[in-house]
1. Residues in region 228-243: is at least one among the aromatic types (Phe, Trp, Tyr), assigned to a helix (DSSP H, G or I) and either under 18 Å from Asp85 (Cβ atoms) or touching a residue at least 40 places away in the same chain (Cβ under 8 Å) (or both)?
2. Counting residues that are in contact with a Ser or Thr (Cβ under 6 Å, 6 or more places away or on another chain), which helices (runs of 4 or more DSSP H) fully inside region 356-436 reach at least 3?
3. Name, by its number, the condition in (1) modelled with pLDDT under 95; (2) buried (at least 24 other Cβ atoms within 10 Å of the Cβ) that does not hold for Pro604.
4. Could you grab the pairs with beta carbons closer than 8 Å, sequence gap of 6+ or different chains, first residue in region 808-832 and basic (Lys, Arg), second one modelled with pLDDT of 90 or more?
5. Given the conditions (1) modelled with pLDDT of 90 or more; (2) over 18 Å from the mean Cα position of the chain (by Cα); (3) of a type in the set (A, V, I, L, M, F, W, C), report the number of the one that Ile854 does not fulfil.
6. Inspect all residues belonging to region 628-636 and state whether any of them is outside any loop (DSSP other than H, G, I, E, B), under 29 Å from the mean Cα position of the chain (by Cα) and either assigned by TED's automatic domain parsing to the domain that holds Val415 or not aliphatic (A, V, I, L, M) (or both).
7. Would you tally the residues in region 274-299 being part of a helix (DSSP H, G or I) and among the basic types (Lys, Arg)?
8. For region 122-165, enumerate the residues that are buried (at least 18 other Cβ atoms within 10 Å of the Cβ), charged (D, E, K, R) and not in a strand (DSSP E or B).
Amino acid sequence: MLYEVIRPNLNASPFFQKLYQIVGTEQHFQIHHLNLSARALVAAHLWKETGKNILLISQDDIMAEDLWDDLCTLIGQENSLYLPDYEVLPYEERSPHYSIRATRMMCIHHILQGSPSVYSISIRSLLRMLPPLENIVRHIKELRPQMEYSPDKLMQDLVWMGFDVQYQVTKVFQAARRGGIIDIFSPPQLKPIRIEFFGDEIVSMRYFSTNTQLSIPGEVESYTILPSREFSLDDVSPHSILLPQIKNTGFYEGIENQYSLLLDNLSTFADYFDAQNRLILFSNFPYIQEELNRITEQVHLEYHRQLRYTTRAKLSPPEGIMAGEEKLMELCQPQTTLFLSQSEFILPFTTVNIKAPIEPQPSFNGNLSLLSSSLNQMEKEHFRAILLCDNLSQSKRMQELLEDYNCRPQSYIGVLHEGFTITDAGLALWTDHEIFNRYKRKRYTPRFPPGEEIVDYQSLKPGDYIVHIDHGIGVFEGLQIIKLDGQDTECLVLRYAGDDRVYVPTYQLDLVTKYIAEEGVAPKLSRLGSTKWQHTKRKAAEQIELIAADLVKLYAERSSRIGIAHKADTAWQKELEESFIYEETEDQLRSIEEIKTDMESPMPMERLLCGDVGFGKTEVAIRAAFKAVCSGYQVAVLVPTTILADQHFRVFKERLAQYPVRIAMFSRFSSNSQIEEDLADLALGKVDIAIGTHRLLSRDVHFKNLGLLIIDEEHRFGVRHKERLRKLQSNVDTLYMSATPIPRTMNMALAKLKEISLMQTSPKERLPIRTIITLREDEVIREAIQREIDRGGQVFFIHNRVQTIETIAEQLRELMPEVKFAVTHAQMPEKQLEDIMEAFINREYQVLISTTIIENGIDIPNANTIIIDRADTFGLAQLYQMRGRVGRSNRRAYAYLLISRKTTTEARKRLETLTQYDYLGAGFQVALRDLELRGAGTILGTKQSGIIQSIGFNFYNNMLENAITAVQKGESIAEQIETPKPQRKLFTEIDLYFPPDYISDDEQRLTIYRRLSELGNLQDIENLELELKDRFGPLPEKASWLLMYFKLNILAKQADLLNCYVRHNVLTIEFKPENLPPRDKVLSFAGKAPRVPRIDASKGLKITISLDDKKAYQDQFSEALELLQLYINS
């Protein structure tokens, strides 16, 4: 912790000694000349010296988070806490996001542990009215093994504590029960717990993963459960007017704004602390006063607005929502309060003003000579100078750079927002991001990540269209257990034209795929018994064969070309990669390695880097570009829009600022004179990286030594541009980047033909985007904008008609005259567009009204609300891309999809897909139809919508994969369709289904059936069996039978059998006449078998062998499996 490193200097400082002495005196003290990070240091010092809880109060959440970020660097995350605001407007019928509630409950739980800490809080959070602390204490539960607790009672208690009961737990404050197993996810733990009961006794507790749903090895000794809010349902006053509603609905959206109507007593967060054991530090008190006045005025205005729609009795009074000025003044007792600021303010009471001997960090603008001179002068004056660096690599880099100037300062890994010098302590803390004018990113994030639900993107729901390989397009109606060959078997019920039905056993799920094609177009159902489906399959196969042949030919041509073999990684490459201040995801690391391997090979790279919005593709591209530059080659980065070119230019410049790399931008934002100069230097090899729009494809652009071409969103370039591209990339390495998710099956089909790097993992600090579909009303727009502005953020408002965008802007200005709006669209002059974007990035405007010009690539971390006008007129892919413009920092993001009253039910249902999957990476989890189609277009570079419409996207993928394999072998899939292979049949005397009381959710059961049908070896089934026992409890007999059946299926496939019979006392295996096994193998098996088999070769080959008649059928089945393995190994 940085504080411990510098504590000796602080103890020698008269100023810091005096700080401790003034605490507890009868006077108000104002300490000024403190920048933001110095205020955090004062808070840390007083916490250490007084042993009290420190409440550091700011005017808004952004300032509170920044201070908390610095406190984490100074005294560690375990000693500093941040209380986020609800991010809910007064009287809004919406509750805080679960992760906000979790972070708040963790903070409150920390208070109850009794360990003094520093709490960074906004004035809104400090004075929001809350239930008393004793309400929370009463409901905290501690679970331990061997504890007696009825599972029924535990589930009831969890509901009363506000937990969301689901089928499986994927996020905090969820609970699930499956028989004697209960899963719970509660703070303060960062992992969910799986509790196994025997009767009413807890026999086992273990953590599990929200992603895999599998237990993590190791027993857990205790697990704390906190209420999901600051109160529980049984706290509600018997006199509350809302008691009937609570009894009827339980918790509901917006309940936090009605605490005063539900409870007899309320508190503020400040009241959660013993007044004698807390010290309140106000950061910029006048700004806090101003903000509190604004908040209270907002609450009163909203109260009177709400009175138009409801009665006074059902509306919390303003004082029931937020305490006001009176409470603030009550907290300003001189013995327990200090006022910290940069400037000296006139405060509403007599104060003793102390000017801190602290000076801001000098401005160096990257001038290392000036920096080293300053550091050497400090050393002469016996000052201790510490350079604060983002990471170890940055620290080493700084040391090496300064050694050239005979300067060796001390460095520390961990940064503050602002550097400063404490003159009377002989101490300077300077940050490397300020030395080089870089943006300081937050390092710490309060976070409860959602797990990614185990969702098969082919998962079926009743009503979904499907494709059966033999019967064609039908409708999935659900699951049903029927008698099939004398055994109870769970089947998919498929409806076809004429209301005919087909029952498909779940063990034949490989014959059924989900039908996905053009959005909004319902396919025509196939008619059973008709030849039309066979004709459609044959026609599709012929066309797909042509595509496969073209792809195979293209790959062969590329393989024969000789390209550039870039050098292995240099020391600079390693430094650059280690200087990345975020933790790379596994997908990022894997993608980087795949790209580097390609670049070091003499064969020209042609790789697609496919990752969801916000997943770090640009960082991967930067590393690839730097590798090419270090090898002596130039790099071209081609992007579809001017704004994206500008964005990439800024990011590349910042990341490569410490290296001798020249980067030039070629777009409408660049002046003609600048472009002319850069073009000349590009031809001479003086420009290393050229970033631009289609301007880079002009005939006057000449590279001296182009080695890498990076193309972002290639599908957005026209035919003419692509022809020019092909000439440009004849033997250079090419990296395509796409934010469009590529389905897993498509990746498998093309893995041999086009290298694809998939990035599917969300960065750790990202939070889900809350997506709201709502009618386009002034109140909705005003609330959405106000909520974001209240927390110091910015807003995108998307209106995609240039003709009416100014009219919309005027309407918004009339609605919210106090808000600063700006307008952008593609028809604006370049300079005006650039100036507006620059001003918005610099926070000179609060709301940017724009067309879809911002759809791709723009990255403004402070803009975390997007409002999309007439969202029903956009495709899902476009909405998904636009939503990805927010949520790019560690702050909660909101997306409002505005619709009209005339929007159809079908269109609303389509939009709801986005609300169900609000986390980054959802594009890989959900079958968004147009996303998948666009993904196909991205790879194939050709329109195949006709084929896809006729047979469905998934079946198209399967056929394409088979076609590529067939073409490489010189075979034809069209012929295979004409003469399909006979299906292998297994005959047993067991029921084939998972009992619904074991896996009660149909969709989960179907997903597990599909997984079983895709498993390829016995070990996979053993692993799935362990997973089932872990998640659902001990296997019932029928589930064990089903797993044995699938083992039999795998062995029959390995043995290449036509049919297999496992009857009582006998096993029979049959082979195809055209595919008989070698004679030696049959004889070897006969010699090793425990009983002599009967061999019938009259029609093909049939081998029958007796099973031990003293065994039960289940044991005989196991014996049959052993015999099959014996045959395979013979």
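The values are calculated or read from the model by the stated rules, or taken from the named source; none is laboratory data. Since we're looking at a predicted model, the values are computed, not measured. Reconstructed Cβ throughout: ideal geometry from the backbone, glycine too, with neighbour counts over all protein chains shown.
1. Checked region 228-243: no residue is among the aromatic types (Phe, Trp, Tyr), assigned to a helix (DSSP H, G or I) and either under 18 Å from Asp85 (Cβ atoms) or touching a residue at least 40 places away in the same chain (Cβ under 8 Å) (or both).
2. Filter on region 356-436 gives 392-403.
3. It fails just one condition, (2).
4. Hits for this filter: Arg813/Val819; Arg813/Phe821; Lys820/Glu844; Lys820/Tyr845; Lys820/Gln846; Lys820/Val847.
5. Here Ile854 clears every test but (1).
6. For region 628-636, residues outside any loop (DSSP other than H, G, I, E, B), under 29 Å from the mean Cα position of the chain (by Cα) and either assigned by TED's automatic domain parsing to the domain that holds Val415 or not aliphatic (A, V, I, L, M) (or both): absent.
7. Residues in region 274-299 being part of a helix (DSSP H, G or I) and among the basic types (Lys, Arg): 1 in total.
8. Arg124, Asp157 - these are the residues of region 122-165 that are buried (at least 18 other Cβ atoms within 10 Å of the Cβ), charged (D, E, K, R) and not in a strand (DSSP E or B).
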